[in-house]
Amino acid sequence: MAHLKIEAVSKTFGAKRLFIDASLRIKTGEILGVFGRNGSGKSTLLQILFGTVRADRIVGVLNAEVFDPRKVITRQQIGYLPQFSFLPQFQKVRQVIPLFLETGELQDKVFYAPRIAKIENQRVGQLSIGERRYLELLLLAYAPHPFLLLDEPFSMIEPLYKDIIQALLLDLKPRKGIILTDHYFRDVLPLTDRNILLKHESFLPILGEEDLARLGYLVMIKK
Amino acid sequence: MKNIGALLKYYVDVSLYNLGASFIVSLYGSILWGLFIYCTIGVGIGLLCFQYFKKKEYYFYYNLGWTRWQLAAWVGGLNIIIAIPILLISALLLWLI
């Protein structure tokens, strides 16, 4: 079982303080939900963990070793699903799968996944948002990273794919530790084991919708 | 070795921009100048164009375990291997003519 424990992470942009000495932990077999208003630092937090944004300070442990964000990519310790499409837009789905996954066995798992046969001859750029997000998640699902960072996987996707993605994440859970951030809290909360809200420069633990409302997050959503 | 197919795709993508720049130089200068650009600063132009037009695709390579510097080193190294015979053949042709 892999463990990721961030004991202190701080990030400021000029005068804006996103989080100061905040902490989180996750292990494989867990899904951690991350909520927060726009600009609260959710995506920045994921990018810090992935190593593409530098923290002012980060102290942590990944599998009993000092966590070094500079080694995350080369060691394939953490996979990252950004908000935007990261797949080559002009490639067909059946070309992208072998580009991303090396072995025929892993490729077959994606080729034979539900609804992939229907889209395998389409170019990535022609897919609907739901189809694209599902394909991206499937590829990351069979990549070797023990941890996955998912930035708004439910945003703007059709209900059919919401259900499929939720089922996929639950299927993935025993093998991966997943940090999931999204404004669609009703899609996220049924999946997560623990949740945090980025507020007051800290990661506040929350138990459910009531806590989100109490801490002012839902009020912002309803506006 | 991590997925070599993806690396080759990155090389082809960067080289297409490189080819485009070299072709334009060939039109306004000469074929030799075009070849020279392709074998030298064209890689840099290709990397800048990839950064400008396909920046988001870097996350595809990050997830495969390649950093931006490793990708640039790969493209630069492979281009040197390809450039040396091109430049040698060009020099030989010039000498023969």
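Looking only at other chains, what is the average number of their beta-carbon atoms within 10 angstrom of each beta-carbon in B:54-61? Intermediate values should be presented prior to the final figure.
Working: counts 3, 2, 8, 5, 3, 12, 10, 2.
The per-residue average across the peptide is 6.
To the nearest 20 debye, what is the magnitude of the charge dipole of chain B about its Cα centre, counting +1 on the Cβ of each Lys and Arg and -1 on the Cβ of each Asp and Glu? Write out the running numbers ahead of the final one.
On the way: 6 positive and 2 negative charges, 63 e Å.
Computed charge dipole of chain B: roughly 300 debye.
Give me the percent of DSSP beta bridges within segment A:89-223 that run antiparallel, rounded to the nearest 5.
Close to 55 percent.
With a Förster radius of 35 Å, plug the Cβ-Cβ distance of residue B:96 and residue A:89 into 1/(1 + (r/R0)^6) and report the FRET value to the nearest 0.05. Walk me through the numbers before you get to the answer.
Working: r = 45 Å, r/R0 = 1.28.
It comes to 0.20.
Here is the link list: A:16/B:56; A:5/A:92; A:11/A:173. Which ones come out longer than 31 Å on Cα distance? Could you put the intermediate results ahead of the total?
Values: A:16/B:56 26 Å; A:5/A:92 38 Å; A:11/A:173 29 Å.
Table pairs above 31 Å Cα-Cα are A:5/A:92.
Can you list residues from other chains, or at least 5 along the same chain, whose modelled amide H is less than 5 Å from the amide H of residue A:197?
So residue A:197 has HN proximity to A:35, A:204, A:206.
Which FRET efficiency value, to the nearest 0.05, is calculated for residue B:56 and residue A:74 with the Förster distance at 25 angstrom and r the Cβ-Cβ distance? Mind dumping the intermediate values first?
Working: r = 20 Å, r/R0 = 0.80.
Taking R0 as 25 Å, the efficiency between residue B:56 and residue A:74 is 0.80.
Please list, ordered by chain and number, the residues whose modelled amide H lies under 5 Å from the amide H of residue A:79; skip anything fewer than 5 residues away on the same chain.
Amide H neighbours of residue A:79: A:147, A:148, A:149.
For n ≥ 4 DSSP H runs only, could you compute -39500 (n - 2.57) per run for the protein assembly as shown, divide by its residues and tell me the 222 nm figure to the nearest 500? Present the calculation step by step, with values, prior to reporting the outcome.
Numbers: 14 runs with 153 residues, N = 320.
Mean residue ellipticity, 222 nm, calculated: -14500 deg cm²/dmol.
Assuming 0.36 nm per residue, please report the length gained on full extension of the stretch residue A:166 to residue A:16 beyond their Cα-Cα distance. It would help to have the intermediate numbers written out before the result.
Working: separation 150, 0.36 × 150 = 54.00 nm, distance 3.42 nm.
Fully extending the segment from residue A:166 to residue A:16 adds 50.6 nm.
Using only Cα atoms, locate the centre of segment A:18-59 and the centre of segment B:18-97, then give the distance between them in Å, rounded to an integer.
Distance between centres, Cα-based: 38 Å.
Could you please put A:185, B:36 in sequence from largest to smallest accessible area, using a 1.4 Å probe? Each step should come with its number before you reach the end.
On the way: A:185 20, B:36 95 Å².
Final ranking, largest accessible area leading: B:36, A:185.
Treating the angle as unsigned and between 0 and 90°, give the value, to the nearest 10°, between the Cα long axis of helix B:68-96 and the longest Cα principal axis of chain B.
10
So which residues of segment B:1-29 lose at least 50 Å² of accessible area, probe 1.4 Å, when you go from the chain by itself to every protein chain present?
B:3, B:9
Once both labels are modelled 7 Å past Cα along the beta-carbon direction, what's the residue B:12-residue B:80 spacing in nm?
The answer from the label model is 2.5 nm.
For A:156, A:1, what's the largest-to-smallest order of accessible area, 1.4 Å probe? Intermediate results must be reported in sequence, preceding the final value.
On the way: A:156 130, A:1 155 Å².
Accessible-area ranking of A:156, A:1, largest first: A:1, A:156.
Quick one: if the Förster radius is 51 Å, what FRET efficiency do residue A:214 and residue A:121 give, using the C-beta to C-beta distance and rounding to 0.05?
Details: r = 49 Å, r/R0 = 0.97.
Calculated transfer efficiency: 0.55.
Using a basic spin-label model with each label point 7 Å from the Cα along Cα→Cβ, how many nm lie between residue B:31 and residue A:61?
Modelled inter-label distance: 6.6 nm.
The values are calculated or read from the model by the stated rules, or taken from the named source; none is laboratory data. Note that the structure is a prediction, hence the values are computed from the model and not measured. Methodologically, a virtual Cβ is constructed for each residue, glycine included, from the backbone with ideal geometry; neighbour enumeration extends over all protein chains shown. Surface accessibility is based on the protein's heavy atoms, side chains included, excluding ligands, DNA and RNA. Shrake-Rupley method; radii C 1.70, N 1.55, O 1.52, S 1.80 Å.
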